[in-house]
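Asks: Attaching a single structure in structure tokens format; questions to follow.
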Amino acid sequence: MDNKEKLIQLERSDLPFCAFSLPGSKEVNIILQRDANVESPKPEGLVMAPFVDKEENPTIYIRPDFLGPLNALDLFDFEYMHFEDSGYGVELYPRASRSAYLERCEDLVDRLKSGDAKKTVLSIVDPRPYNGTYTDIFLQAAADYEKAFVYFLQAPGVYTGIGASPEILLERQEDTCRSMSLAGTRRKGGEPWTDKEREEQDIVTRYILEKLTDAGIEDLEYSDAYDDEAGPLVHLRSDILFRTEKNDREVLDMLHPTPAVCGQPLDKAKELINEFEEHDRRYYSGYIGISGGRFSRYFVNLRCIEKKDYYALCYAGGGITASSDPESEWQELVNKLEVMGRFLPEYRD
């Protein structure tokens, strides 16, 4: 049984799993759990946290009953039943509307000009009809986006989705840690970065540094912003290195959500998100990662698709400041949606 056949069998099963490829590698690994309980914390394994932790969007935990290369997995070692996707309380979302977004964005810019916040991330969800296998989408994304963390996660009855993220929230090896600030989005070969985009990225960098410093972490190093390619897009990125004896959860709670996915100041940005966004972000702009022993790695859940009944819900967002141009922000969202949306049949080249 090859990797594709294994994933198709698992996609039809009632087992929680996450297949993934790490940045810089085309090898597909998988973490697989024998029972359906994904809401109890585990000392090691996979963690997927939502944008906001609440009853309908619980943090997902998958225990590593198997963790390793997908080609080493023997499915005969696992008992499972066929799983029928009930839609998990599916809502009927309208297609993402350019005119509606522009109107909301213009109103938000006015609020930011009046001083309500420095930056707010405004996201959209674009539902696209799809009733095919998600295995094909994952394998194609893993092959195309070698610099990203690409995953296919199934937690039956809670969440099923695919994503490709270039953004590390936290990487740890013993007490040595790394994070990054990633903001600004351009197509490869596009125009030079604007002052607004550089300002947006600098806000994220300063926020992370302030959070770490306020927690008593003094051994900090960070890079100047540079171009970082992610599939067809380019972002502005700074790397942040530090040492701490704090555990993963303590550091993650400090960093999440960053201004890259929420805004600044945090509380004001959250209020504006609740006011201006008509959808539940669910696990979009949360984080996903794997911890084990002395090494762990967590990524911001950015370019992602959620499986809902006969729809693939594509999520994307962009940072809005007082100097934002709504039309440019809409085009940035279109570019971001294309990262994963291009694998859906009606959007293939």
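Asks: Give Pro64, Pro50 a once-over and let me know the one that is in contact with a Gly (Cβ under 6 Å, 6 or more places away or on another chain), buried (at least 16 other Cβ atoms within 10 Å of the Cβ) and more than 28 Å from Asp280 (Cα to Cα).
Replies: Residue meeting the stated conditions: Pro64.
Asks: Would you please name the residue that is nearest to Val47 (Cα to Cα), looking only at residues in the range 12-26 that are over 20 Å from the mean Cα position of the chain (by Cα) and part of a loop (DSSP other than H, G, I, E, B)?
Replies: Among them, the one singled out is Leu15.
Asks: If you don't mind, another one. Consider only pairs whose beta carbons are under 7 Å apart and that are at least six residues apart or on different chains; among these, list those whose first residue lies in the range 308-329 and is surrounded by 19 or more Cβ atoms within 10 Å (Cβ to Cβ) and whose second residue is of a type in the set (Phe, Trp, Tyr) and at pLDDT 90 or above.
Replies: Tyr311/Tyr130; Ala312/Tyr130; Tyr315/Tyr284
Asks: Which ones in the range 256-279 are touching a helix residue (DSSP H, G or I) at 6+ places or on another chain (Cβ under 6 Å) and either surrounded by fewer than 20 Cβ atoms within 10 Å (Cβ to Cβ) or on the phi > 0 side of the Ramachandran plot (or both)?
Replies: Across the range 256-279, the qualifying residues are Gly263, Phe276.
Asks: Run down Leu102, Leu209, Leu122, Leu139 and say which single residue is closer than 20 Å to Ser323 by Cα and either aromatic (Phe, Trp, Tyr) or in a helix (DSSP H, G or I) (or both).
Replies: Only one candidate qualifies: Leu102.
Asks: Taking the range 202-239 only, how many residues are touching a residue at least 40 places away in the same chain (Cβ under 8 Å), of a type outside the set (A, V, I, L, M, F, W, C) and under 20 Å from Lys188 (Cα atoms)?
Replies: 7
Asks: Continuing with this model, one more query. Look at Ala143 and say whether it is among the aliphatic types (A, V, I, L, M) and at pLDDT below 90.
Replies: Judged against the criteria, Ala143 is not a match.
Asks: Within the range 214-221, identify whether any single residue is more than 17 Å from Glu329 (Cβ to Cβ), among the acidic types (Asp, Glu) and modelled with pLDDT of 95 or more, and answer yes or no.
Replies: The answer is yes, given that some residue of the range 214-221 is more than 17 Å from Glu329 (Cβ to Cβ), among the acidic types (Asp, Glu) and modelled with pLDDT of 95 or more.
Asks: Scanning the range 27-39 for residues that are touching an Asp or Glu at 6+ places or on another chain (Cβ under 9 Å) and not in a loop (DSSP other than H, G, I, E, B), which turns out surrounded by the fewest Cβ atoms within 10 Å (Cβ to Cβ)?
Replies: Ile31
Results for (1) in contact (Cβ under 8 Å) with a residue 24 or more places away in the chain; (2) surrounded by fewer than 24 Cβ atoms within 10 Å (Cβ to Cβ); (3) more than 23 Å from Ile62 (Cβ to Cβ), shown as yes or no for each residue.
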{"residue": "Ala141", "(1), (2), (3)": "yes, no, no"}
{"residue": "Ala164", "(1), (2), (3)": "yes, no, no"}
{"residue": "Glu171", "(1), (2), (3)": "yes, yes, no"}
{"residue": "Glu174", "(1), (2), (3)": "yes, yes, yes"}
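Asks: Could you list, in sequence order, the residues of the range 40-55 that are part of a loop (DSSP other than H, G, I, E, B) and in contact (Cβ under 8 Å) with a residue 40 or more places away in the chain?
Replies: Glu44, Pro50, Phe51, Val52
Asks: Going residue by residue through the range 77-84, is there one that turns out to be closer than 26 Å to Pro58 by Cβ, surrounded by fewer than 14 Cβ atoms within 10 Å (Cβ to Cβ), at pLDDT below 95 and of a type in the set (D, E, K, R)?
Replies: yes
The values are calculated or read from the model by the stated rules, or taken from the named source; none is laboratory data. No experiment lies behind these values; they were computed from the predicted model shown. Cβ coordinates were reconstructed from backbone atoms using ideal geometry, including for glycine residues, and neighbour counts include every protein chain displayed.
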